[in-house]
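The values are calculated or read from the model by the stated rules, or taken from the named source; none is laboratory data. It should be emphasised that the depicted structure is a prediction, and the values quoted were computed from it without experimental measurement. Here Cβ is always computed from backbone atoms with ideal geometry, including for glycine, and neighbour counts include all displayed protein chains.
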Amino acid sequence: MDFYKNEDSFKEASGYTIDGVWYPRVTKIVTIKAKPALYRYYGEAANFKAAQSATQKSAEEGTLVHETVEAFLLGQKPEVDSSIQPAVEAFLDFWSKKNIQVIPELVEKRVVSFDYRYAGTVDAIALVDGKLGVLDIKTSQAIYRDYNLQTAAYMDALRNTSQTPQTRWILKIDQNQICAFCGARRRVKGGREKIRVGRNNNYSQMRGCSHEWSQIRGDIDFQEFPFWREDFEAFLAAKRLWEWENEYWLEKIGYL
């Protein structure tokens, strides 16, 4: 369980107050799920402080990409930091080809589930290929299954509203380098280098390769997840576990 100074600090860190009523935040709820890859990263780091520093820097870089992309979705023309230019250029190329349409009022859209008592912020409600849906933007190196819990919560919260979605998409925006010899992918984020096997090679090829890296290039992955109800059941299970874990504070603020 996380530690908080008082009720106000718990409420601020864990949810939103909407029309005088406090609701736990979707992204806070899903943190209850174990993340083995993150634990492995912390275990491989020089020490806990170094791991925290790299994680924080990585989060800041991801936030910069996220905020820049959302500014474009809102019709603005933000200045693009050179450190994220390949990722943003790849997004703009993808956006123009895919013809993603958004209404500015539906970018960073706050949603509330009165039935299940939670709230969240949807990156965008978009029209893609004639379908209206939840669009969630990620700056990770892959699309992880965990994201389905978050987007399923948004899908249910938007049921029977004027923006009832038909589907949901995850848009991953990242950048990396490709080895000219073995096809491995090199990614540097938060000051941490990670090299992964390419699509057409194997670990032995990668280990024996001297690697000649390309210039940094943008990397886009866009996937649709139309079937969300089982994911929503898993989200509700995660929410119940999160409530159990934070029972002390939830009782103090009158949520339970």
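The figures follow:
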| quantity | calculated |
| --- | --- |
| Residues that are touching a residue at least 12 places away in the same chain (Cβ under 8 Å), in contact with a Phe, Trp or Tyr (Cβ under 9 Å, 6 or more places away or on another chain) and either under 20 Å from Lys194 (Cβ atoms) or not in a helix (DSSP H, G or I) (or both), drawn from region 49-79 | Ala54, Thr55, Val65 |
| Test for Ala46: is it at pLDDT below 90 and aliphatic (A, V, I, L, M) | yes |
| Matching helices (runs of 4 or more DSSP H) fully within region 137-254 where at least 1 residues are buried (at least 20 other Cβ atoms within 10 Å of the Cβ) and within 19 Å of the chain's Cα centre (by Cα) | 147-157, 229-245 |
| Some residue of region 104-112 being over 27 Å from Leu149 (Cβ atoms), among the charged types (D, E, K, R) and over 15 Å from the mean Cα position of the chain (by Cα) | no |
| Residues that are within 21 Å of Val30 (Cα to Cα), out of contact with any Ser or Thr (no Cβ under 8 Å at 6 or more places or on another chain) and among the acidic types (Asp, Glu), drawn from region 124-167 | Asp146 |
| Single residue of Gly198, Gly208, Gly191 found to be farther than 23 Å from Gln141 by Cα and at pLDDT below 85 | Gly208 |
| Options Asn176, Asn246, Asn160: the member that is touching a helix residue (DSSP H, G or I) at 6+ places or on another chain (Cβ under 8 Å) and among the polar types (S, T, N, Q) | Asn246 |
| Tally of residues being farther than 19 Å from His66 by Cα and among the hydrophobic types (A, V, I, L, M, F, W, C) across region 129-157 | 6 |
| Neighbours by Cβ (under 6 Å, 6+ apart or cross-chain): first from region 90-106, at positive phi; second at pLDDT 90 or above and of a type in the set (Val, Ile, Thr) | none |
| The one condition in (1) of a type in the set (Ser, Thr, Tyr); (2) in contact (Cβ under 8 Å) with a residue 40 or more places away in the chain; (3) touching a strand residue (DSSP E or B) at 6+ places or on another chain (Cβ under 6 Å) that Ser214 fails to fulfil | (2) |
